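Have a look at the structure below, then the notes.
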Amino acid sequence: MKKQIYICDPKIIGKDIAERMFDAEKYELHFAQTKLEKEDDVIAFCKDADALIVTDCDVTQKVVDSLPNLKYVSGAIIGFNTIDLEATKKAGIPVSNNPRYCTNEVADHTCALIMTLNRHILQLNKEVQEQFLWTRGQSIPAEKVRRLNTQTLGLFGFGAIAKAVAKRMQAFGLTVIAYDPYVTKEQAAPLNVEMVDIPELCKRANIISIHMPHMASTDKMINKSLFDMMEQKPIIVNCARGGVINEADLAKALDEGKVMAAGLDVVADERISIKKSPFIGRDNVIITPHAAYYSLDARIEMQELGCKHIVWFFEGQKDKCPIVNGVK
């Protein structure tokens, strides 16, 4: 009997790639025609599913309870905060994510934001394009323009993307320090990165880049208490998850000059209008629309791996799957 595979976001997993990745004699594919916005939509569409491929649709306790044949959930993207890991774990259903497909893209985007903010590119371009001014840069206070190789980059989180950022920025001569409770000093030493605690990172870093997942333990982790520790008036860049930053506290830190500038590819709630963001209209903030992951290469790899994880699972190669909910 064929395994029933339900693809829950038609814009993310293309039919051509999915049909190439799954053997038609072993698997039957079902494609949602529209994005499944609510848990009841997921239940109605996926009622016979052996496996799901999801991006950001809700896989809740109710969904798990309502899909009696469900054996595997493949998250096609890095984040998995819309999947109830506890509910799936209790049901014995493995959940995987896709942690590597866009490492280079997100690292490149992070570095682009750092460079753009550090050199005040947008402000200088605006002066020329809109005000027809030729200031030779002197409209910006000199103390706000620093050589990269005199600065320290602090990384919150030191996974694959953070390591890729470190490698790129070290090429420009920056000193790199990092905080990650799961990485030892000995592990980071060969990469010429110094592991430090949070207060030291906040004290020393001229540029801070966020690379932590959003979960209960990291929710609004970057907040007033940390901004008050930041002695260098840093640039802050977040291409990870918006919920890791307390946005009201960051807005206030920008207002008070405790943070010089911010580059954000993510916001706390991406389902509401960006017009309501406290960062709109600021000359010292760059916002991009959760696009750091995006490229043709990454899109193809994401789709292929999202499918491969299911094939590996059903064909006895679960050790290849990046399981995130502890079901072995």
- prompt: over 27 Å from the mean Cα position of the chain (by Cα) and surrounded by 14 or more Cβ atoms within 10 Å (Cβ to Cβ), is that true of L67?
  reply: yes
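Scan K47, K62 and give me the residue that is assigned to a loop (DSSP other than H, G, I, E, B) and among the basic types (K, R). Talk me through it step by step, then tell me what you get.
Values: K62 fails: assigned to a loop (DSSP other than H, G, I, E, B).
Being assigned to a loop (DSSP other than H, G, I, E, B) and among the basic types (K, R) holds for just one of K47, K62, which is K47.
How about segment 129-143: which of its residues are in a loop (DSSP other than H, G, I, E, B) and either out of contact with any Ser or Thr (no Cβ under 8 Å at 6 or more places or on another chain) or surrounded by fewer than 10 Cβ atoms within 10 Å (Cβ to Cβ) (or both)? Spell out the reasoning first.
Start the filter on segment 129-143 by keeping residues that are in a loop (DSSP other than H, G, I, E, B), which leaves 132-141.
Within segment 129-143, F132, W134, T135, R136, G137, Q138, S139, I140, P141 meet the criteria.
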task: Give segment 285-328 a look and list any residue that's part of a loop (DSSP other than H, G, I, E, B), polar (S, T, N, Q) and buried (at least 18 other Cβ atoms within 10 Å of the Cβ), or say none.
output: N325
statement: Pairs returned, first residue in segment 304-327 that is closer than 11 Å to V95 by Cα, second residue that is assigned to a helix (DSSP H, G or I), beta-carbon separation under 6 angstrom, 6 or more apart or interchain, are C321/H309; C321/W312; C321/F313; N325/L85; N325/T88; N325/K89; G326/K89; V327/K89
task: Please determine, by comparing only the residues of segment 194-216 that are over 23 Å from L117 (Cα atoms) and touching a helix residue (DSSP H, G or I) at 6+ places or on another chain (Cβ under 6 Å), which one is modelled with the lowest pLDDT.
output: H214
- prompt: Mind checking which pairs have a first residue in segment 224-253 that is over 20 Å from G281 (Cβ atoms) and a second that is hydroxyl-bearing (S, T, Y) and in a helix (DSSP H, G or I), Cβ under 6 Å, 6 or more apart or different chains?
  reply: C239/T110; V244/T218
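Which residue, of N325, N246, is closer than 30 Å to K2 by Cα and either touching a Pro at 6+ places or on another chain (Cβ under 7 Å) or of a type outside the set (F, W, Y) (or both)? So that I can check it myself, show each step before the final result.
Working: N246 fails: closer than 30 Å to K2 by Cα.
After applying the criteria, what remains is N325.
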message: Being β-branched (V, I, T) and over 28 Å from D23 (Cβ atoms) is the requirement here; does I280 meet it?
response: yes
- line: D219 vs (1) in contact with an Asp or Glu (Cβ under 9 Å, 6 or more places away or on another chain); (2) over 18 Å from R282 (Cβ atoms): all pass except (1)
message: Return the residues of segment 5-20 that are out of contact with any Phe, Trp or Tyr (no Cβ under 8 Å at 6 or more places or on another chain), of a type outside the set (V, I, T) and under 21 Å from K35 (Cβ atoms); say none if nothing qualifies.
response: D9, K11, G14, D16, E19
query: How many of the residues in segment 147-180 are part of a loop (DSSP other than H, G, I, E, B) and loosely packed, with under 15 Cβ neighbours inside 10 Å?
result: 3
- prompt: Hey, T184 hits all of (1) touching a helix residue (DSSP H, G or I) at 6+ places or on another chain (Cβ under 9 Å); (2) of a type in the set (V, I, T); (3) without any contact (Cβ under 8 Å) to a residue 60 or more places away in the chain but one; which does it fall short on?
  reply: (1)
- prompt: In segment 76-128, which residues are over 19 Å from the mean Cα position of the chain (by Cα) and outside any helix (DSSP H, G or I)?
  reply: A91, G92, I93, P94, R119, H120
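The values are calculated or read from the model by the stated rules, or taken from the named source; none is laboratory data. Computed from a predicted structure; not experimentally measured. Counting neighbours? That spans all protein chains shown, and the Cβs are built from the backbone with ideal geometry, glycine included.
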